[in-house]
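Each reported figure results from applying straightforward, stated rules to the coordinates on display, with no laboratory input. Note that the coordinates shown come from a computational prediction; the quantities given were computed from them, not determined experimentally. A quick note on method: Cβ atoms are made from the backbone with ideal geometry, for glycine too, and the neighbour counts reach across all protein chains shown.
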């Protein structure tokens, strides 16, 4: 895009700046729109599984329900509790929302369609997602209220625990791909399974790691069955109890943007990103643009997220910690050792 | 132009937030300013081209260490009046430490200006490999040249970790503390509930 703006007669620095800002808007605005639509999809899927109708009043088939909710929240009064620590109370939802958007900078939507094609892309995502705990902890502490504080404690312990096993799963993928760059990781998956299947999931050593990654990403985004931070029977609404109006809406948007990010990471790391599922040219699906494949796979994983939400009951907190530390951590560590040994044996020679 | 601007932006923010860490009254605010300082230091690392170190700084310090700081500080019941009571008593000590640090900084800057030792020599052992990414040059050095030192550091960290676990571990002897998760999960409704048709006035046995 920089070349396009340079052809309009700008210097390189100005063209780069304008192109980057345009790229940020091109990612952030459709992302916000898709968050609004994905909330609608989420509610429809739960409704279908619960044999209900779901939102069907606002607009055709209820499609405009999320926008109506958005306007309602937007027009409400912002209430700041008098005992709250004002600065941090206002800063917390902003941090959550900004962090949720910032991680999208390195996600490749198609071959070459990426805002920042950096060498340490995967590490950047790990770094940014480790920041998202701050929005919750700051909210819980600054609300100066009992339940938000409990929720913040739970959230920080939970997110740190599951980040460890996510880190080891990413190490496994990086060992296979030989790169931290997300574009390179997707390209390395082309024809990975017997030269036919595009994607690391078709691999006996990496498929268990995908299962661990999927469950950990449920825990990382605090979805059911790991939504103990918002367990309404115990903690009202968790860390967002004291929030109202736009601050509350920012939490919702940030949460769903994070969920979409995790779905797209599942797609990119294990299911071949923008590549078609099979590397066979007989079927003319290489003519379908890569971004359609990418969005379709991401949508499939989102469907799995809401499927899990509609069917599975909530974990107990000690079970959650046990799963993270006593099951996933040893398992992913073992797989790091096994995979590096296997690669040493087959790819690099002993 | 943009590098200079970014450098001064990050540098000013690092120093300003470091000042706020020690001058803010609320310890939680101090930790949050510390996080801002870490973050901007990572920005400085990106400017000098060490993107791997920058990401590690954010993951390790911001993502793990500072979360634990915040965790501990939030749980503390802090009496601010008591905290500030020792201020006058410890003031001379603080000034002395500050003077030592200042002298060291002046010395260091002078030595750097004199240019006697060139640690960052572009042709030395630690020179970046041309045409290789950050991670690859670091890996080639750590797992080639300095393999023994690297492994030794790993062993020392492992020993420290085991030591910490041994020191804080307490054996729970009471039988109530133990839970068998697989037994809990595999429980079926048939063994957990019992249908009763009690006779009037008899009650049921519990």
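When restricted to Cα atoms, segment A:277-345 yields an Rg and a Dmax of 19.0, 51 Å, respectively.
The order of the peptides A:265-273, B:40-48, A:305-313 by mean Cβ neighbours within 10 Å, most packed first, is A:265-273, B:40-48, A:305-313. The angle separating the long axis of helix A:12-49 from the principal Cα axis of greatest extent in chain A is about 70 degrees.
Averaged over peptide B:47-57, the number of partner chain Cβ atoms lying within 10 Å of each residue's Cβ comes to 3.
Pair-distance distribution P(r) for segment A:97-182, from all Cα-Cα distances in 5 Å bins starting at 0: 3, 14, 19, 19, 17, 12, 8, 6, 3, 1 percent.
Please label the shape of segment A:223-350 as rounded, prolate or oblate, based on the square roots a ≥ b ≥ c of the eigenvalues of the alpha-carbon gyration tensor (a/c under 1.5 means rounded; beyond that, a/b larger than b/c means prolate, else oblate). Kindly include the intermediate steps, with their values, before the conclusion.
Values: a/c = 2.78, a/b = 1.36, b/c = 2.05.
Oblate shape, in that a/c is at least 1.5 and b/c is the bigger or equal ratio.
Angle between the Cα long axis of helix A:86-102 and the longest principal axis of chain A, 0 to 90 degrees, nearest 10? Once rounded, the angle reads 20 degrees. By other beta-carbon atoms within 10 Å, ranking A:134, B:143 with the fewest at the front produces B:143, A:134.
With the cut-off at 1.5 for a/c, could you classify segment B:1-78 from its C-alpha gyration tensor as rounded, prolate or oblate? Show your work: numbers first, answer last.
Values: a/c = 5.08, a/b = 1.65, b/c = 3.08.
Oblate is the answer for segment B:1-78, as a/c is 1.5 or above yet b/c matches or exceeds a/b.
Size of the protein assembly as shown from its Cα atoms: along the principal axes, largest to smallest, the extents are 100, 77, 59 Å.
Only helical DSSP H runs with n ≥ 4 go in: add -39500 (n - 2.57) per run for chain A, normalise by residue count and round the 222 nm mean residue ellipticity to 500 deg cm²/dmol.
-21000 deg cm²/dmol
All alpha carbon pair distances within segment A:76-346 were sorted into 5 Å bins beginning at 0; the resulting P(r) in whole percents reads 1, 6, 12, 16, 17, 15, 12, 9, 6, 3, 2, 1, 0, 0. Mean partner shielding of peptide A:155-164, defined as the number of other chain Cβ atoms within 10 Å of each residue Cβ, is 2. Partner shielding of A:313-321 amounts to 1, given as the average count of beta-carbon atoms from other chains within 10 Å of each residue beta-carbon. Packing order of peptides A:18-29, B:24-35, highest average first: B:24-35, A:18-29 (average count of other Cβ atoms within 10 Å over each peptide's residues). Counting only alpha carbon atoms, the long axis of helix A:329-343 and the longest principal axis of chain A meet at about 20°.
Sorted from largest to smallest, which semi-axis lengths in Å does the alpha carbon gyration tensor of segment A:122-276 give for its equivalent ellipsoid, taking the root of 5 times each eigenvalue?
34, 14, 13
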